[in-house]
Amino acid sequence: QVELVESGGGLVQPGGSLRLSCAAKGSIHEVYRMGWYRQAPGKERELVASNHNSGATNILDSVKGRFTISRDTATNSVFLQMNNLKPEAPAVYYCSAFIAALTSGMDYWGKGTLVTVSS
């Protein structure tokens, strides 16, 4: 009864920007944490950025200063503003969240949105 719906991926030139959006939908009591992971071909999935309700944030060192994570708790949404994108292998960005539904809490994953940075 819970799903994460992602949008905002696409093709962008090096130095360009993209804004990823994710909204949690369904029977939700509370969203405790939301964030973004990414996975490129031949590489393991890695955490890009996350935000907890405590206010704590985590961000990948290689994107610090270029990526910004934000949340809208009223709409159970998380955003990733990606600026000055570097040319690299295409990666699928996955929204993730720890959500308390009616009677349980667990991690949820979006289906992913592809980000390609190329000239």
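Some notes on this structure:
- Selected residue (criterion: nearest to GLU6 (Cα to Cα)) from residues of region 55-110 that are open to solvent by less than 80 Å² (accessible area, probe 1.4 Å) and assigned to a helix (DSSP H, G or I): THR75
- In region 10-17, the count of residues that are assigned to a loop (DSSP other than H, G, I, E, B) and under 19 Å from THR73 (Cα atoms) is zero.
- Test: ARG71 is at pLDDT 95 or above and within 12 Å of CYS22 (Cα to Cα): yes
- Filter pass, ALA49 being assigned to a strand (DSSP E or B) and more than 21 Å from SER21 (Cβ to Cβ): no
- Condition check for GLU6 on (1) under 10 Å from the mean Cα position of the chain (by Cα); (2) free of Cβ contacts under 8 Å to residues at least 12 places away in the same chain: one failure, at (2).
- Filter result (over 22 Å from GLY26 (Cβ atoms) and of a type in the set (S, T, N, Q)) within region 71-119: GLN81, ASN83, ASN84, THR116, SER118, SER119
- Condition broken by THR116, with the remaining ones in (1) modelled with pLDDT under 95; (2) closer than 17 Å to ALA40 by Cβ satisfied: (1)
The rows are residues; the columns are (1) of a type in the set (Ser, Thr, Tyr); (2) without any contact (Cβ under 8 Å) to a residue 40 or more places away in the chain.
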residue	(1), (2)
GLN1	no, no
GLU30	no, no
SER50	yes, no
ASP72	no, yes
ASN83	no, no
TRP109	no, no
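The values are calculated or read from the model by the stated rules, or taken from the named source; none is laboratory data. Keep in mind that what you see is a predicted model, and the values were worked out from it rather than measured. Counting neighbours? That spans all protein chains shown, and the Cβs are built from the backbone with ideal geometry, glycine included. Heavy atoms of the whole protein, side chains included, go into the accessibility calculation; ligands, DNA and RNA do not. Shrake-Rupley method; radii C 1.70, N 1.55, O 1.52, S 1.80 Å.
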